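None of the figures in this text is laboratory data; all of them are computed from the coordinates on show. These numbers come from a predicted model, not from an experiment. Here Cβ is always computed from backbone atoms with ideal geometry, including for glycine, and neighbour counts include all displayed protein chains.
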Amino acid sequence: MDRDRSAALTGNGRAFEGTPPRQAEAGSAGARIPLWAMLAALSAVAAMSQAFRTVATLLAGELKLEFGASTQEIGLFAGAFHLSFALAQIPIGVALDLFGPRRTVCAAFLLACLGALGSALAPNLPVLIASQVLIGVGCAPAFLGAIVFVTNRYPASQFARLSGLVLSFSGIGMLMTGTPLALVVETWSWRAGFLALAGISILVLAANVLLVRDEAPAPGRSRPSLLDAFAKVGPLLAERHSLGILLLGGVSYAAFLTLRGLWAVPMLMERHGFSLVASGHVMLATSVAALLGPPAFGLLKPGNRGRRTWIIASAALCIAAFAVLAGQISSLVDIAAVILLGFMTGYFILQYADVRAAYAEEVAGRAFAIFNTAIFLGVAVMQWLTGLAGSVAAARNADPFLPVFAVIVVLLAAGIASFVLLPWPRGKGWER
């Protein structure tokens with residue numbers, strides 16, 4: 001690719017010097033809705049996505065009792081959301097670029113509301129799984145919609161800070177599916193839990209319909225056809241700097257989610273003899289740390305090259321933390337490492353800012369969607385590989401956690417090496 005083409009894909013500097021926030025379209029009465037109110041409504045969708053993503057573990061026991069579901073069927077129920085969520089990313093990214101966050105998020109999230117109601121009324125497990133597919137598709141633009149909104153409406157210098165706040169706010173959804181929803185399920189039933197989520201989702205959808213406004217197209221800019229929009233996905237993947245971005249993206253979030261979702265609690269219980277409640281306290285502290293990390297990293301303004309230095313250093317620190325977990329030093333050290341890894345989730349926001357800086361604004365939705373697809377495919381691969389490593393070790397009566405964390409260390413190291421050694425973005429704008 002020649003230098004002019006590269007500069008065009010990185011926005012030729014326009015996306016990085018920052019432009020004044022663009023005003024929302026006037027409402028019918030001529031009143032303007034503040035940008036912060038629109039962003040808050042979109043962030044609420046991201047929070048509901050986190051709630052739907054983490055509700056499965058809370059309902060597994062109830063579903064086994066009512067439907068006689070096997071462990072494998074419960075896994076299918078839990079995986080239906082993530083699979084449909086991942087497969088919808090690129091179409092949703094195209095829609096965000098063509099139609100804007102309001103229309104895309106509202107149209108999709110209506111499916112999530114219907115899926116939540118369908119789940120509450122499901123007469124059998126197949127209907128419940130189909131409803132989860134609807135919820136996954138409906139939540140697909142949750143975080144993407146908010147960060148595309150930030151990309152379009154705010155200066156580039158504010159992207160990391162605001163997207164960090166969005167990511168932190170979305171963590172409320174994980175807290176929602178803790179004690180509050182557990183009380184609902186325990187008092188009434190798992191169906192009441194889905195009805196509660198459906199009711200909140202309908203309110204969130206109404207807020208987005210009433211508050212969010214899509215930006216009017218710039219004068220002289222015509223909207224590309226749907227076919228043309230999809231045709232640009234391939235060239236984005238073929239960009240010289242895309243592979244390094246995607247390879248690190250595919251292992252960074254996956255490392256934490258594999259720890260948090262699969263191995264942290266078994267490690268604490270089997271290695272250190274913790275009770276389930278005591279392990280839950282550690283997970284609560286880790287979740288709080290994960291809420292604090294994104295806004296903390298979002299305050300950094302290191303420039304494009306400096307941001308990459310922070311990403312590399314942060315990923316290296318995560319490797320060190322997983323190496324400590326593999327070393328089985330003590331319970332206090334393991335707890336500290338797990339909580340530290342929760343806080344370090346904040347550096348993921350720098351990776352989104354890196355994607356923001358590497359591609360032109362008009363393809364931002366598709367670029368973020370490709371990155372998100374890599375993230376969730378990476379989660380699936382890492383969870384499978386660590387599960388395989390742990391099973392082999394357990395079959396040989398060896399400590400299963402050492403090979404599990406060793407696999408994560410190796411994958412993270414490979415991701416960092418790819419990010420460092422493969423071509424970086426270039427162009428006058430990106431160098432700033």
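Of the residues Asn397, Gly342, Ser331, the one whose Cα sits farthest towards the positive end of the charge dipole of the range 330-432 is Gly342 (charges of +1 on Lys and Arg Cβ, -1 on Asp and Glu Cβ, taken about the Cα centre).
With R₀ fixed at 22 Å, the C-beta to C-beta distance from Ala417 to Leu262 puts the FRET efficiency at about 0.35. In this simple spin-label approximation, Ala316 and Arg191 carry label points 7 Å from Cα along the Cα→Cβ vector, and these lie 5.7 nm apart.
Scalar couplings 3J(HN,Hα) for the range 143-160, obtained by applying the Karplus form with A = 6.51, B = -1.76, C = 1.60 to θ = phi - 60°, are 6, 4, x, 5, 6, 5, 4, 4, 4, 7, 10, 10, x, 4, 5, 9, 4, 4 Hz; x denotes Gly and Pro.
Remark: the range 92-103, residue by residue, has Karplus-estimated 3J(HN,Hα) of 5, x, 4, 4, 4, 5, 7, 10, x, x, 4, 5 Hz, where x stands for each Gly or Pro and the curve is 6.51 cos²θ - 1.76 cosθ + 1.60 at θ = phi - 60°.
To the nearest 0.05, what FRET efficiency results for Glu362 and Gln158 with a Förster distance of 22 Å applied to their C-beta separation? Once the sixth-power term is evaluated, E becomes 0.70. Here the simple spin-label model places points 7 Å from the Cα toward Cβ, and for Leu388 and Ala278 these points are separated by 3.5 nm. Between Leu87 and Leu114, the FRET efficiency estimated from the beta carbon spacing at R0 = 25 angstrom works out to 0.85.
Going by a ≥ b ≥ c, the root eigenvalues of the Cα gyration tensor, does the range 246-314 fall in the rounded group (a/c under 1.5), the prolate group (a/b larger than b/c) or the oblate group? It comes out prolate by the Cα gyration axes. Per-residue 3J(HN,Hα) values for the range 401-412, derived from phi via the Karplus relation 6.51 cos²θ - 1.76 cosθ + 1.60 with θ = phi - 60°, read 7, 4, x, 4, 6, 5, 4, 4, 4, 5, 5, 5 Hz in sequence order (x marks Gly and Pro). Only the Cβ atoms of Lys and Arg (+1) and of Asp and Glu (-1) were treated as charged; on that basis the dipole of the chain about its Cα centre amounts to roughly 1060 debye.
Within the range 291-313, find all residues whose amide N lies under 17 Å from a label point positioned 7 Å from the Cα of Arg240 along Cα-to-beta-carbon. So the set is 305. Amide hydrogen proximity for Asp214: with H placed 1.01 Å from N in the peptide plane, the residues at 5 or more positions away or on another chain lying under 5 Å are Arg102. Select from Ala320, Leu125, Phe67 the residue farthest towards the positive end of the dipole of the chain; place +1 on Cβ of Lys and Arg, -1 on Cβ of Asp and Glu, and compute about the Cα centre. Result: Ala320. According to the Cα-based calculation, Rg over Rh for the chain is 0.97, with Rh computed by the Kirkwood formula. Put a dot 7 Å past the Cα of Ala182, heading toward its Cβ, do the same for Arg32, and the two dots end up 4.6 nm apart. Along the axis of the charge dipole computed for the chain (Cβ charges of +1 for Lys and Arg, -1 for Asp and Glu, origin at the Cα centre), the listed residues Val265, Pro34, Gln50 are led at the positive end by Pro34. Over the residues of the chain, the helix contribution to mean residue ellipticity at 222 nm works out to -25000 deg cm²/dmol, using -39500 (n - 2.57) for each DSSP H run of at least 4. Annotation note: trypsin sites (Lys or Arg not before Pro) in the range 238-306 located in DSSP loop regions with a Cβ neighbour count of at most 16 within 10 Å are Arg240.
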